[in-house]
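As structure tokens, the structure follows; a few thoughts come after it.
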Amino acid sequence: MAMATSPHSLLLQNPNTQFLKNPKIPFTTIPMTSTRLTTTTTTLNPNKAISVKCSATTTHIQDRPPAQPQSQDRVFNFAAGPANLPENVLLKAQSELYNWRGSGMSVMEMSHRGKEFLSIIQKAEADLRTLLNIPPEYSVLFLQGGATTQFAAIPLNLCKPDDKVDYVVTGSWGDKAFKEAQKYSQPKVIWSGKSEKYTKISAFEELEQSPDAKYLHICANETIHGVEFKTYPTPKNGLLIADMSSNFCSKPVDVSKFGIIYAGAQKNVGPSGVTVVIIRKDLIGNAQEITPVMLDFKIHDENKSLYNTPPCYGIYMCGLVFEDLLEQGGLGEIEKKNKRKADLLYNAIDESKGFYRCPVEKSVRSLMNVPFTLEKSELEAEFVKEAAKEKMVQLKGHRSVGGMRASIYNAMPLAGVEKLVAFMKDFQAKHA
């Protein structure tokens, strides 16, 4: 006998969508599996639970969902951040939203000091350590306030007010970091790309580093201008500090070359609200007296990122992304995928005979953020509008530079870049 239609049967038929479409449906802890369900029913009493017999494998709903093709009701999101997340991560988070792994509560309801959340944050840290091969002499902190808060926290923790520090400014974010450091130290811009509209990076041997600088600060990838360090400078006497917000976990990095790596999560590894700080332990404990408690690395390190209530759900989501990156083969494999996507898009721009133009010097073009303009600037608004009709969104460039920008982070599938390139060629054919 076929099962009569009810909210419960709809949930069983499509557990990944019915819960969100009708949030009144109780998302029960039925042991869903990756294979078919066989059911037997009698006349249904709406006041009684449905009797279900399961014949399936032992792959339960909390396991990682299989890779999904791009859903028909989702767009290709080229936003610079917050950015798209892997679909299988979103589906897993959806399946665990109501009742996390039999705990009887959502991650959003958990005490940050309870055993359930402790297992989440500890696994997230362990997986991140594996991904980046983080040495044991480094601490990993999950903080709040975005990378922008670290513009102040870093000089406050590493410097005295009269200490000199060096900044290489390759874009807007490096410039903002320098300006914030002026409040708490004596920073010096030893190179800036501003005069050339942030389209290149100086040769490292040309950098005139201060001999007594406490650290050298860089922004590893400038989200707005699309400029990325492919290798890293070596400080003469200090530490190398890097804001890696927009290329964090997009490729392998030798953490041991840095004193601090910090990154907002909302580009590559999670939703907005989480900031990851990887810091060498011997740099902790020297904060200026004026340092607010929430900016003191020692406080957060001693309390294992739990001094106050952390962004629990954001950390959970980061943990799911770290799992996903490991299951894809680690950051070496991720870098290969990112290079393939970037090459496809840059080649389309370079082979357009000037219809599209990328201003960034080829040797430092970002794998993550691809800015470009049209030869006929009056067509740019139409380009963005027409692309949106084809379910490709957030392609308008940053307000400070104009043009277009395609952010193609880890979670952007190759199919998204292929569709964009095909659209660009069609648009050129219509308007060239």
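The values are calculated or read from the model by the stated rules, or taken from the named source; none is laboratory data. Worth saying up front: this structure is predicted, and the values here are computed from it rather than measured. Virtual Cβ from ideal backbone geometry, glycine too; neighbours counted across all protein chains shown. What goes into the accessible areas is simple: the full protein's heavy atoms, side chains included, and nothing from ligands, DNA or RNA. Shrake-Rupley method; radii C 1.70, N 1.55, O 1.52, S 1.80 Å.
Among residues that are of a type in the set (A, V, I, L, M, F, W, C) and open to solvent by less than 10 Å² (accessible area, probe 1.4 Å), I290 is not included.
Kindly evaluate G259 against the criterion of being open to solvent by 30 Å² or more (accessible area, probe 1.4 Å) and in contact with a Lys or Arg (Cβ under 6 Å, 6 or more places away or on another chain). When the stated conditions are applied, G259 does not pass them.
I'd like to check something: does region 377-389 contain any residue that is farther than 19 Å from N221 by Cα, open to solvent by 70 Å² or more (accessible area, probe 1.4 Å) and of a type in the set (S, T, N, Q)? Within region 377-389, one or more residues are farther than 19 Å from N221 by Cα, open to solvent by 70 Å² or more (accessible area, probe 1.4 Å) and of a type in the set (S, T, N, Q). Among the residues that make up region 195-204, is at least one of them assigned to a loop (DSSP other than H, G, I, E, B), in contact with an Asp or Glu (Cβ under 6 Å, 6 or more places away or on another chain) and under 24 Å from A152 (Cα atoms)? No: region 195-204 contains no residue that is assigned to a loop (DSSP other than H, G, I, E, B), in contact with an Asp or Glu (Cβ under 6 Å, 6 or more places away or on another chain) and under 24 Å from A152 (Cα atoms). When the criteria are applied in full, S272 meets the requirement of being open to solvent by 50 Å² or more (accessible area, probe 1.4 Å), under 20 Å from F151 (Cα atoms) and either of a type outside the set (G, A, S) or not in a helix (DSSP H, G or I) (or both).
A residue that is open to solvent by 10 Å² or more (accessible area, probe 1.4 Å), farther than 22 Å from D324 by Cβ, modelled with pLDDT under 95 and polar (S, T, N, Q) occurs somewhere in region 394-414.
Of all the criteria given as (1) farther than 22 Å from P292 by Cβ; (2) among the polar types (S, T, N, Q); (3) without any contact (Cβ under 8 Å) to a residue 60 or more places away in the chain, the one not satisfied by N221 is (3).
Give me the residue from region 415-432 that is open to solvent by 70 Å² or more (accessible area, probe 1.4 Å) and at pLDDT 95 or above and, out of that set, nearest to C249 (Cα to Cα). Even if it seems obvious, please write down each step before you answer.
As a first pass, look at region 415-432 and keep what is open to solvent by 70 Å² or more (accessible area, probe 1.4 Å): 418-419, 425-426, 429-430, 432.
Those still in the list that are at pLDDT 95 or above too: 418-419, 425-426, 429-430.
On the way: E418: 23, K419: 25, K425: 31, D426: 33, A429: 37, K430: 38 Å.
Applying the filter and picking the extreme gives E418.
Quick one: would you say I218 is open to solvent by 10 Å² or more (accessible area, probe 1.4 Å), aliphatic (A, V, I, L, M) and assigned to a strand (DSSP E or B)? Write out each step before concluding.
On the way: open to solvent by 10 Å² or more (accessible area, probe 1.4 Å): no; aliphatic (A, V, I, L, M): yes; assigned to a strand (DSSP E or B): yes.
No.
Restricting region 346-366 to residues that are open to solvent by less than 10 Å² (accessible area, probe 1.4 Å) and within 27 Å of the chain's Cα centre (by Cα) leaves a set whose member that is nearest to K425 (Cα to Cα) is I349. Taking region 108-151, which residues are farther than 15 Å from I279 by Cα and touching an Asp or Glu at 6+ places or on another chain (Cβ under 7 Å)? M110, D127, listed by residue number. For region 311-330, the set of residues classified as of a type in the set (D, E, K, R) and open to solvent by less than 10 Å² (accessible area, probe 1.4 Å) consists of D324 only.
Of the residues G174, G104, the single one that is more than 23 Å from D324 (Cα to Cα), in a loop (DSSP other than H, G, I, E, B) and open to solvent by less than 70 Å² (accessible area, probe 1.4 Å) is G104.
Given the criteria at positive phi and over 18 Å from the mean Cα position of the chain (by Cα), does N157 qualify? Talk me through it step by step, then tell me what you get.
On the way: at positive phi: no; over 18 Å from the mean Cα position of the chain (by Cα): yes.
Judged against the criteria, N157 is not a match.
Is one or more of the residues making up region 307-325 β-branched (V, I, T), outside any helix (DSSP H, G or I) and under 19 Å from L118 (Cβ atoms)? Yes - at least one qualifying residue is present in region 307-325. Scanning region 406-432 for residues that are within 12 Å of I349 (Cβ to Cβ) and basic (K, R) yields one hit, K425. Based on what the data block shows, is G285 within 17 Å of L141 (Cα to Cα), at pLDDT 95 or above and open to solvent by 10 Å² or more (accessible area, probe 1.4 Å)? When the stated conditions are applied, G285 passes them. Taking region 221-237 as the range and being open to solvent by 30 Å² or more (accessible area, probe 1.4 Å) and over 16 Å from C159 (Cα atoms) as the test, the residues that pass are K230, T231, Y232, T234, K236. I'd like to check something: does region 238-252 contain any residue that is among the aliphatic types (A, V, I, L, M), buried (at least 23 other Cβ atoms within 10 Å of the Cβ) and in a strand (DSSP E or B)? Looking through region 238-252, at least one residue is among the aliphatic types (A, V, I, L, M), buried (at least 23 other Cβ atoms within 10 Å of the Cβ) and in a strand (DSSP E or B).
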